Amino acid sequence: MKIKLFEHEYSIHLTLPFSWKVLFVAAIAFLLANIFFAVFCPKLIKETTSFRDFAEQRRSGTELQKQLDELEQNGSLAYAEVIQWKNWFGARQVTNMTLTPANDERGFIEVYAIIVDALATSSQPTRFITSALYSVGLLAFAILLIQNICFVAKHW
(Lines give C-alpha, C1' and ligand atoms only; values in the text may rest on other atoms or scores of the structure.)
Protein backbone atom coordinates (compact mmCIF):
# COMPACT_ATOMS: atom_id res chain seq x y z
CA MET A 1 0.00 0.00 0.00
CA LYS A 2 1.35 3.42 -0.91
CA ILE A 3 0.49 6.66 0.80
CA LYS A 4 1.39 10.09 -0.57
CA LEU A 5 2.18 12.71 2.04
CA PHE A 6 3.66 16.16 1.25
CA GLU A 7 4.70 15.16 -2.24
CA HIS A 8 6.53 12.14 -0.94
CA GLU A 9 5.28 8.60 -1.45
CA TYR A 10 5.58 6.11 1.42
CA SER A 11 5.29 2.37 1.11
CA ILE A 12 3.46 0.65 3.99
CA HIS A 13 3.47 -3.11 4.39
CA LEU A 14 0.43 -4.36 6.28
CA THR A 15 1.32 -8.03 6.33
CA LEU A 16 2.57 -9.75 9.44
CA PRO A 17 5.82 -11.69 9.47
CA PHE A 18 5.49 -15.47 9.38
CA SER A 19 6.76 -15.83 12.95
CA TRP A 20 4.01 -13.56 14.28
CA LYS A 21 1.38 -15.61 12.46
CA VAL A 22 2.77 -18.82 13.96
CA LEU A 23 2.91 -17.29 17.44
CA PHE A 24 -0.70 -16.14 17.04
CA VAL A 25 -1.80 -19.68 16.11
CA ALA A 26 0.13 -21.12 19.07
CA ALA A 27 -1.38 -18.56 21.46
CA ILE A 28 -4.93 -19.24 20.26
CA ALA A 29 -4.40 -23.01 20.53
CA PHE A 30 -3.05 -22.67 24.09
CA LEU A 31 -5.87 -20.30 25.02
CA LEU A 32 -8.57 -22.68 23.77
CA ALA A 33 -6.89 -25.67 25.45
CA ASN A 34 -6.75 -23.81 28.76
CA ILE A 35 -10.42 -22.82 28.44
CA PHE A 36 -11.42 -26.43 27.72
CA PHE A 37 -9.36 -27.60 30.71
CA ALA A 38 -10.81 -24.97 33.05
CA VAL A 39 -14.41 -25.55 32.00
CA PHE A 40 -14.60 -29.30 31.43
CA CYS A 41 -11.95 -30.91 33.63
CA PRO A 42 -13.47 -32.47 36.78
CA LYS A 43 -12.77 -30.45 39.91
CA LEU A 44 -11.06 -33.33 41.74
CA ILE A 45 -8.56 -33.83 38.91
CA LYS A 46 -7.85 -30.10 38.60
CA GLU A 47 -7.25 -29.57 42.29
CA THR A 48 -5.27 -32.68 43.24
CA THR A 49 -2.47 -34.69 41.69
CA SER A 50 -2.53 -37.69 44.06
CA PHE A 51 -4.23 -38.98 47.17
CA ARG A 52 -1.41 -37.54 49.27
CA ASP A 53 -2.13 -34.13 47.75
CA PHE A 54 -5.85 -34.65 48.46
CA ALA A 55 -5.09 -35.52 52.10
CA GLU A 56 -2.58 -32.67 52.55
CA GLN A 57 -5.34 -30.25 51.55
CA ARG A 58 -7.23 -31.58 54.61
CA ARG A 59 -10.21 -32.64 52.52
CA SER A 60 -12.83 -34.98 53.92
CA GLY A 61 -13.90 -38.51 53.18
CA THR A 62 -17.38 -37.09 52.63
CA GLU A 63 -16.13 -35.43 49.44
CA LEU A 64 -15.01 -38.82 48.12
CA GLN A 65 -18.33 -40.32 49.13
CA LYS A 66 -20.28 -37.59 47.29
CA GLN A 67 -18.11 -38.02 44.20
CA LEU A 68 -18.80 -41.76 44.33
CA ASP A 69 -22.55 -41.06 44.45
CA GLU A 70 -22.29 -38.74 41.43
CA LEU A 71 -20.39 -41.38 39.45
CA GLU A 72 -23.08 -43.92 40.34
CA GLN A 73 -25.81 -41.59 39.07
CA ASN A 74 -23.88 -40.98 35.83
CA GLY A 75 -23.38 -44.70 35.33
CA SER A 76 -19.61 -44.25 35.21
CA LEU A 77 -18.95 -47.04 37.71
CA ALA A 78 -20.31 -50.57 37.89
CA TYR A 79 -23.15 -50.98 40.38
CA ALA A 80 -21.37 -53.75 42.33
CA GLU A 81 -18.25 -51.60 42.71
CA VAL A 82 -20.29 -48.63 43.97
CA ILE A 83 -22.14 -50.80 46.53
CA GLN A 84 -18.84 -52.27 47.74
CA TRP A 85 -17.36 -48.83 48.38
CA LYS A 86 -20.57 -47.42 49.86
CA ASN A 87 -20.54 -50.29 52.38
CA TRP A 88 -16.87 -49.59 53.07
CA PHE A 89 -17.62 -45.90 53.72
CA GLY A 90 -20.63 -46.81 55.89
CA ALA A 91 -18.58 -49.18 58.03
CA ARG A 92 -15.99 -46.49 58.73
CA GLN A 93 -18.42 -43.61 59.30
CA VAL A 94 -16.24 -41.18 57.36
CA THR A 95 -18.78 -38.38 57.36
CA ASN A 96 -16.82 -35.14 57.82
CA MET A 97 -13.66 -37.06 58.68
CA THR A 98 -10.74 -34.88 57.62
CA LEU A 99 -8.11 -36.88 55.81
CA THR A 100 -4.46 -36.31 56.53
CA PRO A 101 -1.33 -38.03 55.24
CA ALA A 102 -1.14 -39.74 58.65
CA ASN A 103 -4.54 -41.45 58.31
CA ASP A 104 -4.25 -42.35 54.63
CA GLU A 105 -5.79 -45.77 55.06
CA ARG A 106 -5.36 -48.06 52.06
CA GLY A 107 -9.09 -47.97 51.29
CA PHE A 108 -9.11 -44.20 50.90
CA ILE A 109 -6.21 -44.43 48.47
CA GLU A 110 -8.02 -47.09 46.43
CA VAL A 111 -11.34 -45.25 46.29
CA TYR A 112 -9.55 -42.02 45.33
CA ALA A 113 -7.77 -43.86 42.49
CA ILE A 114 -11.03 -45.46 41.31
CA ILE A 115 -12.84 -42.11 41.34
CA VAL A 116 -10.05 -40.31 39.47
CA ASP A 117 -9.89 -43.09 36.88
CA ALA A 118 -13.67 -43.00 36.37
CA LEU A 119 -13.62 -39.21 36.05
CA ALA A 120 -10.76 -39.33 33.56
CA THR A 121 -12.40 -41.96 31.36
CA SER A 122 -15.80 -40.26 31.47
CA SER A 123 -14.43 -37.11 29.84
CA GLN A 124 -12.36 -38.65 27.03
CA PRO A 125 -13.66 -36.42 24.20
CA THR A 126 -12.72 -33.34 26.20
CA ARG A 127 -9.30 -34.83 26.98
CA PHE A 128 -8.77 -35.51 23.28
CA ILE A 129 -9.75 -31.98 22.22
CA THR A 130 -7.61 -30.39 24.94
CA SER A 131 -4.63 -32.60 24.07
CA ALA A 132 -5.05 -31.84 20.37
CA LEU A 133 -5.12 -28.08 21.00
CA TYR A 134 -2.04 -28.25 23.24
CA SER A 135 -0.32 -30.32 20.52
CA VAL A 136 -1.15 -27.74 17.85
CA GLY A 137 0.25 -24.98 20.06
CA LEU A 138 3.43 -26.94 20.80
CA LEU A 139 3.86 -27.88 17.14
CA ALA A 140 3.50 -24.26 16.04
CA PHE A 141 5.97 -23.17 18.69
CA ALA A 142 8.40 -25.96 17.67
CA ILE A 143 8.19 -24.89 14.01
CA LEU A 144 9.04 -21.33 15.00
CA LEU A 145 11.85 -22.47 17.29
CA ILE A 146 13.43 -24.66 14.59
CA GLN A 147 13.07 -21.90 12.02
CA ASN A 148 14.83 -19.42 14.29
CA ILE A 149 17.61 -21.87 15.20
CA CYS A 150 18.21 -22.49 11.49
CA PHE A 151 18.25 -18.76 10.80
CA VAL A 152 20.82 -18.15 13.56
CA ALA A 153 22.96 -21.07 12.39
CA LYS A 154 22.86 -19.85 8.80
CA HIS A 155 23.81 -16.26 9.68
CA TRP A 156 26.36 -16.98 12.40
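The values are calculated or read from the model by the stated rules, or taken from the named source; none is laboratory data. Quantities reported herein were computed from a predicted structural model and do not represent experimental measurements. Every residue, glycine among them, receives a Cβ derived from its backbone with ideal geometry; neighbour counts consider all protein chains shown.
Summed over segment 123-156, residues that are in a helix (DSSP H, G or I) and either more than 14 Å from the chain's Cα centre (by Cα) or surrounded by fewer than 12 Cβ atoms within 10 Å (Cβ to Cβ) (or both) total 22.
Only one of Phe30, Phe89, Phe51 is buried (at least 17 other Cβ atoms within 10 Å of the Cβ), touching a Gly at 6+ places or on another chain (Cβ under 9 Å), at pLDDT 80 or above and among the aromatic types (Phe, Trp, Tyr). Can you tell me which? Before the answer, list the steps.
Numbers: Phe89 fails: at pLDDT 80 or above; Phe51 fails: touching a Gly at 6+ places or on another chain (Cβ under 9 Å).
Result of the check over Phe30, Phe89, Phe51: Phe30.
Restricting attention to segment 1-27, the residues that are modelled with pLDDT of 90 or more and aliphatic (A, V, I, L, M) add up to 5. Residues of segment 1-59 that are assigned to a helix (DSSP H, G or I), farther than 30 Å from Ala118 by Cβ and β-branched (Val, Ile, Thr): Val22, Val25, Ile28.
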